[in-house]
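Right, one structure below, let's go through it.
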Amino acid sequence: MDTLHHHHHHHRPTPPPSSSSTSMAKRPCSSSSSQNPRLPPHFSQMDHLLHSFLSFPDSSPPISLDLSFDRLLDSSPSDADQSILIDRAHQLGCLLLRAANRSARKRASIHNSVAWVLPPDLTIKVFSMLDSQSLCYAAATCSMFNKCAMDPLCYANIDLTTILPKVNNAVVSTMIQRAGKSLQSLKLGIVPGPTGSPGSCQPLVYTIRNSGDVSSFSWNEKRTRQGKESSILTRSCLYPLSGDNGATGILLRRLHLYNIERMDNASLCVALAACPSLLDLEIVGLHVELRQTLMSVSSHCHFIERLFFESSKTGRDDSLKSPTCFELVNNCPNLSSLSLRGFKLHDNKVRILVKGFRKLKYADFSTSYSITGTFLRNLGNGGGGSLLEVLILRDCMHLKEMEVARFLTAVIAGDFKFLKHLDISNREGLASEGDWYQRSYNSSLIPLQQVLEVRPDICLLAEFPSEGCFLDIDHMIDSDINSELSLPFQQSGQTSDGALVTSSLESSYNSDQGSGNEEYQDSGFVIYEESSDEVDFLIV
């Protein structure tokens, strides 16, 4: 018994630890959870709290956020306190989401900067070669590309031409401001399709009312859409060129404007005044007057080398005066390419221009009314005109076969040694000597074959309709007339299509049978002004 008792005495179980010892044993664990050894020692209490919050497992029911938040709301004493709690949760959630998005972008940017092999200067060089739309796509890709795409060199050549209206004044202003003094080329407006080759006579004048590609676009909606939905360029779209005390447009070399219906003479003149270094000016389909535009070019753009101007109203602008021609010739001696298409030009004024510009190599007077061809006489005997390489007289209604024959005879005789391209095609044939109503479709007077034999290097285009097609052309003219509601000779009571065509032709050309030296006091040219209640909408 003693032995047993002694054995029992030596194997007595150890009593359980007291509550104080239990508390002391768990304290280090609690301390380690509040101060995670993996976190840097300089972390603040907010850092530790955020780390604990983000460490919660998504699928653990005891710490489910929705249940915990419900219990927290139920513990609030009043409805007002609950509302404050919900608002606070919204605010903190938004702040956390914003911080996460910012950090994600920062990490992506760091990754891209490491993965992208080109340095920033070469990236900017590549971006400067992109068209404007592709540049915007690149800028939206990541913050690194966006930073490179904000360099002014990327906006040296701005091309915002579109097939349908998609650009407004704010977009133009933003682009020009980004370019600053680096701006060299600016193209704006609606181009109905790819621009033709230098010898092409495809008209670029476009009006959205007559377009067949606007099934999703309503002309009436254009005036009612507000704010960021507006995609219309107005007369003030070129105002940024005058910004920064005129420094923005001072180095601009190229300005192309297409079918901006709300542009007017005053706004265009202000823009041209801000571009003294302009070398290339192209204007198509603007409601601006030829004389005033050429006066602005003559006054401000003394270095211009190429001028392309296509009328928005074929055959109606006869505003050009001889003094304006002389001023343009004297003030712009470097002009080597001149295109005046669709205007009412008399031969004496055309001769002033062609003979006056000593460096002229390219001349295009397509679809111009009143030109008979007398300006071609003695044109190749030295001076201006003798250096011509391209001459385009396509669809000049009054161009006479006799004048064309004289010109080609001079070419055969050795004049115009540099001529490479000549276009005398006419969809209505050439005018006879006595009466332009008498059309010639296959004239024996014109020595086409001899020219090709003597000058095989010349590309000679002489496309005429077969004889008897004039009625179809009448019908075409009639369609053009009916599409233009502003014609002064259009009458409300029309007895027949034929009567309308006869009336229109007589009204258009009865003043053109003289010498072509008449100067007109009033051109009657209509300028479309922007209504006072229109607003230049902004898209940022």
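The values are calculated or read from the model by the stated rules, or taken from the named source; none is laboratory data. Note that this is a predicted model, so its numbers are computed, not measured. Here the Cβ is made from the backbone with ideal geometry for all residues, glycine too, and neighbour counts use every protein chain on show. Heavy atoms of the whole protein, side chains included, go into the accessibility calculation; ligands, DNA and RNA do not. Shrake-Rupley method; radii C 1.70, N 1.55, O 1.52, S 1.80 Å.
Peptide packing: for 407-417, 362-372, the average count of neighbouring Cβ atoms within 10 Å per residue gives the ranking 362-372, 407-417, highest mean first. Starting from the Cα of Lys187, draw a straight line to each of the lysines and keep only those under 18 Å, dropping any in the same chain fewer than 8 residues away. Within reach: Lys166. In region 90-154, taking the dipole from charged Cβ atoms about the Cα centre, the farthest positive-side position among Pro120, Ala108, Ala139 is held by Ala108. Among 130-137, 71-78, 154-161, the peptide with the highest mean count of other Cβ atoms within 10 Å heads the list, and the full ranking is 154-161, 130-137, 71-78.
Going by Cα centres, region 279-350 and region 65-129 are how many Å apart? The distance from the Cα centre of region 279-350 to that of region 65-129 comes to 58 Å.
Quarter the surface of the alpha carbon convex hull of region 90-154 and you get the mean projected area, 5.1 square nanometres.
Annotation: amide H-H contacts under 5 Å for Asp364 (H modelled 1.01 Å from N, sequence separation of 5 or more, or interchain): Leu338, Ser339, Leu340, Ile392.
Computed with a 1.4 Å probe on the full set of protein chains, the accessible area for Lys359 sits at about 100 Å². Among Ser432, Ser242, the order of accessible area from largest down is Ser242, Ser432, computed with a 1.4 Å probe on protein heavy atoms. This model, with +1 at the C-beta of Lys and Arg and -1 at the C-beta of Asp and Glu, gives region 90-154 a dipole about its Cα centre of some 380 debye. The residues of region 90-154 have, on average, 72 Å² of accessible surface per residue, using a 1.4 Å probe with all protein chains present. What the phi angles of region 385-402 give under the Karplus curve with 6.51, -1.76 and 1.60, with θ = phi - 60°, is a coupling list of x, 6, 9, 4, 10, 10, 9, 10, 10, 5, 6, 7, 4, 9, 4, 8, 5, 5 Hz, glycine and proline written as x.
For region 264-395, the fraction of 1.4 Å probe accessible surface lying on carbon and sulfur atoms is 51 percent.
Arg254 exposes around 90 Å² of accessible area when a 1.4 Å probe is run over every protein chain in place. Within region 238-341, report the chymotrypsin sites (Phe, Trp or Tyr not before Pro) that DSSP leaves as loop and that have at most 16 other Cβ atoms within 10 Å. Loop-located and lightly packed - Phe303.
Near Ala156, within a Cβ-to-Cβ distance under 12 Å, what is the net charge of the other residues, with Lys and Arg +1 and Asp and Glu -1? So the surrounding residues net to +3.
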